[in-house]
Structure formats: C-alpha cells, structure tokens
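Report on one structure; see the data block that follows.
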Amino acid sequence: MTNKHNKWVYPGILLMAIGVSHIGEWVFLIAMNLIIFDMTGSPFAITILYATKPLAAVMTMVWAGGLIDRLNKRRLMIILDASRAFLICLLPFTSSLAIIYMMIFIINMGSAIFQPVSLTYITKLIPKEKRKRFNSLYSLMTSGAFLIGPALAGVMFILGDPHFAIFMNAIALLLSAIVTCFLPDPEKGTLNPPISPFSFYELKKDWILVIHFSFSNRYIMSIYFLFSLTMVIMTSAIDSLEAAFAKDVLLLTDERYGFLVSIAGGGILLGAFITTFVVSYISTHFLIGFASLFVAFGYLIYATSSSLPMAGVGFFIIGFFIAFANTGFLTFFQNNIPVKAMGRIGSAYSFIEATLTVAATLMIGVSASIFSLQTVVIYGSITMLTFALCLCVINILPIKHIKKTLS
C-alpha cells in the first residue's frame, strides 16, 4: 500500500501546482475586470480584455511548438510561472491602459505556451496506465478552481481591493513555480534537439511535420477536430451570447442569472467528482463520444428553454458531462500524439482551434444582430449536436474500420 501511495506523490504535487495556478487565473480575470472598468467605465474596455486571450493564443501558437519540443519542459514551466508572477506584480503600479493591455497580452502569451508545455510534461511524467485516472483528478481540480476562484476573489475584495487580489494571484503563480521545482525532471540525462535560431525555415519544417503527421493519422486528426468543433469552438461561440440570452429570452434578473450559472458550476463539480471514481471502468472512446453528445443535448435543451427550470436542466447536463468528455479527450491526446512532437502538433492544432473560435464567435455575434437571439442559439446548438453525433459515431465504430475509411 505504501508503495502504491508513493507512486502518487509526484502526480499529487503536480495537481496541487495546477490547482493553485488555475485558481489564481480566475482571481486575476475577475480582478482585472473590476480594475479596468473602474479606470474606464466602459463595457467595451472589458471586451478588449477578453479578446486578448484568444488573440494571444493565435499569435503564440504559430511558432511556440518548436520551442516547446526543444526545451526542457519542467524548466520552461517554472520560467513561465515566475515570469507571469513578475509581470502581474507590476500591473497595480501601471496607470496607462495601453500598457496594461500590452502586459496582459504578454501574460496571456505565457499562459498559451504553458498549456501545451504542461500537457507534454504530464505525458512524460505519468505512466500510460495512470493517465486516465490522473486526467479525471485534473478535471476535478480545474472544476474546483472554476468555483473556488471567483469565491476566493470575492473574499479578497472584502479584505482588500482588486489590487490586493492581483498580488495574491502573483503569489499563487510563484508558489506554483516553487512547487514545480520539487517535481522530477523526466528529461534529465536526455539530450533535447539543438535549438536553432528562430527562422522561417525552422517554422516551415515544424509545420511540415504537423501536416505530415495529420495526413498520416487521419483518424487521430478527425477525433481532435471534431472534439474541438463540439467542445471548444461551438461552446465558446454559444457561450458568448449566454448573458444576453438569459436577459432577453429567459427574462432573468441578475440574481436568477447568477443562480443559473451556479447550477452549471454544481454540475461541473459533481461530474468531475464522479468521474474520478468511474473513469477506470469506462473506455476512452466512450468518454469522448457519448459525453460530448450529452453536452450537446444539454445546449439544445438550454437553447429551446423558455423558463429558468428548463434552462437549469440544460446547464446541469452541460456541466455534469464536461468533465467526462475532457478526461477522455486528454487521455486520447496523450496516448496518440508522439511525445517528442507534442509541442509542435498541439500548438499548431491550438492555433487553428483559436482562429476558428474567434471566427465562430464573430459569426454568431453578427447573426444575433440580424436574426432573433433564440433562433441563433438554437441553430448554433443544432450545429454543435451535428458535430457531436459525427464524433460519437467515429468513436463507437470499430477503430480499424474507421482507420481504413479515413486513410
């Protein structure tokens, strides 16, 4: 028993670092919302704040993959955490809105790089047979951060002000960097590929590698992009209209809208908690296919609702099955993408995903200004359900048959 528990010491430390970092990100986002609104009094200024994240991802993921694969992952994680902590510490002393946006953009670039770096590190550190269990705990940790982060931000605003919360976020990131220092280095004693000067030639080579992998592994690429279309791109686009839908269609007050969001949060936490117990008994393909389908059904229930109870049912279903779907997808990605090229492949795919997310969000926003809001959300949900059905079919059919079909 002791040996079994010892094997989970380092994964436990890693989960703690991830949890601290995710909670800090929520505190940072809420605090910056208040700081920028206090400075400008403009909702558009907040929109720009939210736009910096996908824009930073698009700008970063084009070139970051090669850097990630060539550098030591643990060391890069520590540098990224410490650098972001330093920049965040400087924000309260900055009065220029333009400089604040620039610094937040750089911080978001660091966050965009950190995600594929940490995913590659997790894949190297966690043995294949433990990944599904670890990913379920990872989902529980991120789900908990979704609830704890805003609540903690509220407590910090009572104790101090948004600037106090910003400093606490910097401390959280620094703590995450320190904790990461105590984790093992799976790349110790191995030689990474030499780092060439950044050039268009190197960038071209990295993208050729990604294209070659994608066409040689069409089944893997199809699962990835169908999942992205369902669980990232369409959800982001529909979620961008969530507040307007709650106000204009469901006619909810701020308090009732807050209650609706808390229903989704409860579903996420409960789903993540149950996932940790049942994930070992459910296949990865079942997790990806059927959980994504249930999430899409949840969105359709929400889109066609005309009252708080019906919308609440949809929100709970969405939240509950998200953890199952994300656990399955993370495991699938780790088990099927070569770890030596995971940074380049993951970054390239993330670049395409971020670009499509921005395009879909703009498209659904423009559509909502032309057609009725509920009509747009319903058609968006139907589109999402179509992608989910395709994803489900590809996952439940015999894999060998699918591979032959897609090759």
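The values are calculated or read from the model by the stated rules, or taken from the named source; none is laboratory data. These numbers come from a predicted model, not from an experiment. Cβ atoms come from the backbone with ideal geometry, glycine included; neighbour counts cover every protein chain shown. Ligands, DNA and RNA are stripped out before the accessible areas are found, and what is left, the full protein with its side chains, is counted by its heavy atoms. Shrake-Rupley method; radii C 1.70, N 1.55, O 1.52, S 1.80 Å.
Applying 1/(1 + (r/R0)^6) with R0 = 25 Å to the Cβ-Cβ distance of M16 and M39, what FRET efficiency is obtained, to the nearest 0.05?
Plugging the Cβ-Cβ distance into 1/(1 + (r/R0)^6) gives 0.15.
At 1.4 Å probe size, with no ligands or nucleic acids counted, give the accessible surface of Y379 in Å², nearest ten.
150
Go ahead and estimate [θ] at 222 nm for the chain from helices alone: -39,500 (n - 2.57) per DSSP H run with n ≥ 4, summed, over the residue count, rounded to 500.
-28000 deg cm²/dmol
Students sometimes get this wrong: rank M77, M141 by accessible area, probe 1.4 Å, all chains present, largest first.
Descending accessible area places them as M141, M77.
In what sequence, largest accessible area first, do Y281, Y302 appear using a 1.4 Å probe? Write out the running numbers ahead of the final one.
Values: Y281 190, Y302 5 Å².
Largest to smallest exposure gives the sequence Y281, Y302.
Full extension from F86 to L251: what is 0.36 nm times the residue separation minus their Cα-Cα distance, to one decimal in nm?
55.1 nm
Report the far tail of the P(r) of segment 254-301, meaning the percent of Cα-Cα pairs longer than 14 Å.
65
Using a Förster distance of 45 Å, how high is the FRET efficiency between N336 and T94, based on the Cβ-Cβ distance and rounded to 0.05?
Plugging the Cβ-Cβ distance into 1/(1 + (r/R0)^6) gives 0.55.
What nm distance separates the two modelled labels at V366 and Y379, each placed 7 Å from Cα along Cα→Cβ?
Distance between label points: 1.3 nm.
For segment 15-141, what is one quarter of the convex hull surface built on the Cα atoms, given in nm²?
For the Cα atoms of segment 15-141, the hull's average projected area reads 8.4 nm².
Taking segment 254-359 as the region of interest, what is the percent of Cα-Cα pairs per 10 angstrom bin, listed from the shortest bin to the one with the maximum distance?
15, 33, 34, 15, 3, 0
Pick from A45, A272, A64: which is most flexible by mean-square fluctuation in a GNM of the chain where alpha carbon atoms under 10 Å apart are linked?
Evaluated over the chain, the most mobile residue of the options is A45.
Would you check the accessible area of L389, probe 1.4 Å, heavy atoms only, in square angstrom rounded to 10?
Solvent-accessible area, nearest 10 Å²: 90 Å².
Take the chain, connect every pair of alpha-carbon atoms lying under 10 Å apart with a spring to form a Gaussian network, then pick out the residue of G144, G258, G266 with the largest mean-square fluctuation.
G258
Take the alpha-carbon positions of the chain, form their convex hull, and give its projected area averaged over all directions (one quarter of the hull surface) in nm².
Working: hull surface 84.5 nm².
So the mean shadow area of the Cα hull is 21.1 nm².
Along the Cα-to-C-beta direction of K130, a point sits 7 Å from the Cα; which residues of segment 308-328 have their amide N less than 19 Å from that point?
327-328
Residue by residue through segment 242-252, what is 3J(HN,Hα) from phi via Karplus (6.51 cos²θ - 1.76 cosθ + 1.60, θ = phi - 60°)? Round to whole Hz and write x for glycine and proline.
Along segment 242-252, the couplings run 4, 5, 5, 4, 4, 7, 8, 9, 7, 6, 8 Hz.
Rounded to the nearest 0.05, what FRET efficiency is calculated for S307 and W63 with R0 set to 45 Å and r the Cβ-Cβ distance? Walk me through the intermediate numbers first.
Values: r = 48 Å, r/R0 = 1.08.
Plugging the Cβ-Cβ distance into 1/(1 + (r/R0)^6) gives 0.40.
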